[in-house]
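Bear in mind these aren't lab numbers, they're just calculated from the coordinates by the rules spelled out. What you are looking at is a predicted structure, and each value in this text was computed from that prediction instead of being measured. So basically every Cβ, Gly included, is an ideal-geometry build from the backbone, and we count neighbours across all protein chains shown.
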Amino acid sequence: MADAFWDLRDHAYDRPEAWEGVSPEDVFQAMAEVTERVVDTGGEIDWSTFPAAVAAVARRHTPRAAPPDSAADPDEVVRGLKITAINFVHDFIEVHMDDVILTGYTKPFGIIGCQGVGPSSITQLIGKKVEQLSIIEGEYVALDSGENRLAFPIGGESAKGPESVQLYRRAQDELGIPSTSWIW
């Protein structure tokens, strides 16, 4: 357990964008929520994923002011980007597209390679270009690539909190692009 706290500190140091604007109170609240969620499900804490899980939950508690250029359409931000990684972290999924991360906190649905959405099919999206980000307010957020669609419901039975999906674009200071996030 002590190693997990050092890993938590290292995570904050190595990935400052994941902790941007997060207060100590947010961190302690997130640690309690992550731990309680595991205990409530009768599982054991996977200490290797604890830092990333705490960071994600803490970000959900942190109010974010919209940066000046946040009027940009989320679809424009991801359209044409290549999906570079898929991370399965405790009870959420991250889809990495260069400096943009789409995090789904609800159970995904859709179709990938003529099959339903599951851990083995979702990884087939790596290397594909995003053609569109569809946002159907109150229903779902979906990434489309060719005939593939990965969607996350907004709210519903699988929601674990007030946020179901988050899109985060890391700042690119050298280009004058601030970080931006959208939450559904």
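Measure out, as a whole number of angstrom, how far apart the alpha-carbon centroids of segment 115-184 and segment 81-98 sit. What the calculation gives is 9 Å, centre to centre. What the phi angles of segment 96-111 give under the Karplus curve with 6.51, -1.76 and 1.60, with θ = phi - 60°, is a coupling list of 9, 9, 6, 8, 10, 10, 9, 10, x, 9, 10, 5, x, 9, x, 9 Hz, glycine and proline written as x. For the chain, a simple Cβ point-charge model (Lys and Arg +1, Asp and Glu -1, everything else neutral) yields a dipole of about 340 debye relative to the Cα centre. Projecting the Cα atoms of Phe88, Thr103, Gly113 onto the dipole axis of segment 52-184, where Lys and Arg carry +1 and Asp and Glu carry -1 at the beta carbon, places Phe88 farthest toward the positive end. For the chain, taking the reciprocal of the average inverse distance between every pair of different Cα atoms yields a Kirkwood hydrodynamic radius of 17.1 Å.
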